[in-house]
1. Only counting other Cβ atoms within 10 Å, I'd like 22, 7 sorted with the fewest neighbours first.
2. Sort 57, 63 so that the residue with the fewest other Cβ atoms within 10 Å of its own Cβ comes first and the one with the most comes last.
3. Please report the projected area of segment 1-62's Cα convex hull averaged over all directions, in nm².
4. Any idea what the dipole of the chain comes to, in debye rounded to 20, about its Cα centre with Lys/Arg Cβ at +1 and Asp/Glu Cβ at -1?
5. Please compute the length gained on full extension between residue 47 and residue 9, using 0.36 nm multiplied by the number of residues separating them and subtracting their Cα-Cα distance.
6. Counting pairs of alpha carbon atoms under 8 Å apart in space and at least six apart in sequence, what relative contact order in percent does the chain give?
7. Can you give me the distance in nm between label points at residue 56 and residue 17, each placed 7 Å from the Cα along the Cα-to-Cβ direction?
8. So what J values fall out for segment 47-59 if you push phi through Karplus, 6.51 cos²θ - 1.76 cosθ + 1.60 with θ = phi - 60°, rounded to Hz, Gly and Pro as x?
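Laboratory data are not the source of any read-out in this text; all were calculated from the coordinates shown. Keep in mind it's a predicted model, so treat the numbers as computed, not measured. Positions of Cβ are backbone-derived with ideal geometry, glycine not excepted, and every protein chain shown enters the neighbour counts.
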Amino acid sequence: MSECELLIKCGFFKKYQSTKELACKGFISRYCKGTDMDNCKRKAYRKEHGVAPSDDMMPDGHMIGRVC
Ligand code: SF4
């Protein structure tokens, strides 16, 4: 699979997919459309809690500060 199966319902992706910020673009290409999609902390959170995390939680589990 070349894209995360949660892409269309992922709040992070929806909110930041058009960002020009390199840090965010990097997360998207590495996780949402890349080899680390199965290591995404947002995905793990959803599995553990049964609900989606804040849109501002990044795939590495940190909250977005000023990077994106
Ligand atoms: S942030 Fe995680 S859950 Fe959301 S689309 Fe990217 S890889 Fe999938």
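1. 22, 7
2. With the sparsest Cβ surroundings first, the list reads 63, 57.
3. Directional mean of the projected Cα hull area for segment 1-62 stands at 3.8 nm².
4. The calculated dipole for the chain is roughly 160 debye.
5. The residue 47-residue 9 span can extend by a further 12.3 nm.
6. Relative contact order comes out at 36 percent.
7. In this crude spin-label approximation the distance works out to 2.2 nm.
8. Once rounded to whole Hz, the list reads 5, 6, 9, x, 9, 6, x, 3, 4, 8, 7, 7, x.
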